[in-house]
Amino acid sequence: MHKQSQWKSSTGFILASAGSAIGLGAMWKFPYMAGVNGGGAFLLMFLVFTIFVGLPLLIMEFTVGKMGKTYTTKIYEKLTQKKWLNIIGWNGNLAVFILFGFYSVIGGWIIIYIFNVALQIITFSNDTLSAVQFEAVIGNPWLTIAGQGVFILLTMVIVMMGVEKGLEKASKFMMPLLFIFLIIIVIKSLSLDGAYEGLKYILQPRLEDITMEGVLFALGQSFFTLSLGTTGMITYASYASKEMTIKTSAVSIVAMNILVSVLAGLAIFPAIAAFGYKPTEGPGLLFKVLPKVFDQMAMGQEFYLIFLILFLFAALTSSISLLELNVSNFTKNDNSKRKPVALYASLLVFVISIPATLSFSILKGVQFAAGTIFDNMDFLVSNILMPLGALGTTLVVGQLLNKDDLKTHFGNDKFKLFMPWYYLVKFVLPVVIILIFIVQFI
Ligand code: PHE
């Protein structure tokens with residue numbers, strides 16, 4: 001008999017799933033996506049999708065994990081007796097490989113920045129610093145490959161230690177600290193000359209800025225930040241004990257994610273305006289702009305270093321959920337195989353991540369469909385595989401699972417939310433996802 005991993009308490013589950021959700025998505029990806037897709041209009045669409053699509057889907061994934069209680073390349077068969085439906089789990093697993101491949105690139109940048117700032121290689125004394133230094137850092141193929149290698153290695157070591165011993169405990173103080181830092185950055189950023197323009201850019205939705213592509217990206221952003229459609233959240237819920245509180249956990253994760261995304265926006269956009277950057281800088285946005293803000297603070301260099309460490313921590317609690325999904329699927333929850341599987345999966349991710357990282361240096365010129373190789377990997381995951389996975393699960397839940405069973409696992413229904421949630425998942429959300437899909441191909 002193999003023993004399925006389990007959280008010791010429901011707090012362990014909440015902390016881990018919040019850790020999975022809150023990461024680069026909210027802090028790094030949100031500002032750059034908003035910058036490229038019209039600022040306030042993007043924020044508005046992101047909020048609508050996160051609350052009306054993301055939240056019910058997160059509740060759905062938690063419910064499925066709690067009901068099925070097994071790894072996600074088996075759970076669909078277990079729940080429906082239809083083996084071919086496990087393909088939804090495999091789709092999620094594929095998504096996670098590619099996602100980790102490009103996620104580790106940014107994780108690697110953070111590590112390189114930590115070293116550079118700690119060793120004072122990146123200094124704040126030079127006016128041209130942030131943009132120029134950024135290009136120099138990420139334009140170096142070997143350095144960035146090394147950075148992401150370290151990021152993957154750190155993730156691997158943590159996952160090898162097993163769920164119980166993970167980072168959940170540390171996140172109890174690291175996450176609040178990160179919030180505090182974000183708030184300090186926001187205050188500083190808002191006090192800069194010219195900040196108002198940036199504030200207006202991110203807060204005022206100009207409806208004429210809404211494009212079909214922006215709608216798709218906003219949906220993808222909600223999926224990405226909430227880790228939806230990869231079945232990662234199903235995996236975490238499958239480890240949870242009976243007492244886990246699905247709705248409260250989902251609502252608090254969504255609320256925290258929105259808060260961090262908005263704070264990241266308020267930290268970055270006023271500074272963009274104040275320092276004369278373009279909002280459309282792309283993936284390097286955060287790394288170019290933030291040093292400038294810290295430069296305005298007393299002990300800026302030291303604070304920046306602490307911020308980077310907290311940022312790395314948030315990225316790691318997400319990347320461990322990416323690797324954990326592989327471990328769960330390929331060990332079939334047999335913990336004795338955890339170490340070799342974590343090792344092989346990490347090696348594969350490392351290989352996949354190399355073209356992604358080189359998209360910022362020697363493969364910069366390779367551009368097709370959504371942009372660079374990095375952009376295409378992101379597009380494939382966030383805008384195709386994740387929505388597809390979520391669509392598959394809505395169809396299973398809405399069409400094949402027994403309503404009373406769902407209701408039992410949904411738990412206490414004081415606010416009579418089960419029925420609206422159920423009908424949303426059964427009829428509305430699949431149509432919304434399909435429509436957005438179809439429109440992008442026209
Ligand atoms: N939600 C994570 C983030 O925002 C990324 C992620 C996606 C993690 C899917 C796990 C699964 O950084």
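Odds and ends about this structure:
- Residue-wise HN-Hα coupling along segment 44-50, computed from phi with Karplus coefficients 6.51, -1.76, 1.60 (Hz; x: Gly, Pro): 4, 5, 4, 5, 4, 5, 5
- Full extension of the chain between M161 and E197 gives 8.2 nm of extra length, using 0.36 nm per residue less the Cα-Cα distance.
- Gyration tensor analysis over the Cα atoms of segment 375-442 returns equivalent ellipsoid semi-axes of 28, 12, 11 Å (largest first, whole Å).
- For N333, distant residues with modelled amide H under 5 Å away: none
- Relative pair counts by distance (%), Cα atoms of segment 341-419, 10 Å bins: 15, 25, 23, 18, 16, 3
- The dipole here belongs to segment 10-414: it is taken about the Cα centre, uses +1 on the Cβ of Lys and Arg and -1 on the Cβ of Asp and Glu, and is about 1160 debye.
- Look at the alpha carbon pairs under 8 Å that are at least 6 residues apart: their mean separation over the length of the chain gives a relative contact order of 35 percent.
- Signed unit charges on C-beta, dipole axis of the chain, positive-most listed residue M377, V64, I114: V64
- Peptides 214-226, 362-374 ordered by packing proxy, namely the average of other Cβ atoms within 10 Å per residue, highest first: 214-226, 362-374.
- Cα gyration tensor of segment 10-414 - equivalent ellipsoid semi-axes, whole Å, descending: 34, 23, 20
- According to the calculation over all Cα-Cα pairs in segment 179-254, the P(r) per 5 Å bin from zero is 3, 11, 12, 15, 14, 16, 14, 8, 5, 2, 0 %.
- Each 5 Å bin from zero up to the one holding the largest Cα-Cα distance in segment 307-384 carries the following percent of pairs: 3, 14, 15, 17, 20, 16, 10, 4, 1.
- Using every pair of distinct Cα positions in segment 1-103, the Kirkwood expression returns a hydrodynamic radius of 16.2 angstrom.
- Only the Cβ atoms of Lys and Arg (+1) and of Asp and Glu (-1) were treated as charged; on that basis the dipole of segment 285-439 about its Cα centre amounts to roughly 240 debye.
- Over segment 263-422, the reciprocal of the mean inverse Cα-Cα separation, the Kirkwood hydrodynamic radius, stands at 20.3 Å.
- For the pair Y423 and T211 in one chain, pulling the backbone fully straight at 0.36 nm per residue adds 73.5 nm over the alpha carbon distance.
- Within the same chain, lysines fewer than 8 places from K83 are excluded, and of the rest, those with a Cα less than 22 Å from its Cα are K66, K69, K74, K332, K403, K426.
- Using alpha-carbon coordinates, inclination of helix 10-21 to the longest axis of the chain, degrees: 50
- Listed peptides 205-212, 98-105 appear in the order 98-105, 205-212 once ranked by packing, highest mean of other Cβ atoms within 10 Å at the front.
- Helix 87-118 vs. the chain, principal-axis angle (Cα, 0 to 90°, nearest 10): 30
- Percent RCO, i.e. relative contact order, over segment 237-345, from Cα pairs under 8 Å lying at least 6 residues apart: 12
- Shown in residue order for segment 426-442 are the 3J(HN,Hα) couplings computed by the Karplus curve 6.51 cos²θ - 1.76 cosθ + 1.60 at θ = phi - 60°: 6, 10, 7, 4, x, 5, 4, 5, 4, 4, 4, 4, 4, 4, 5, 8, 7 Hz (x for Gly and Pro).
- Residue by residue, segment 252-262 carries 3J(HN,Hα) couplings of 5, 5, 5, 4, 5, 5, 5, 4, 5, 4, 5 Hz when phi is fed to the Karplus relation 6.51 cos²θ - 1.76 cosθ + 1.60 (θ = phi - 60°); x denotes Gly or Pro.
We did not get these values from a lab; they are worked out from the coordinates using the rules stated. Predicted, not measured: the structure shown is a model, and the values here were computed from it. When we count neighbours, we look across all protein chains shown, and the Cβ atoms used for this are built from the backbone with ideal geometry, even at glycine.
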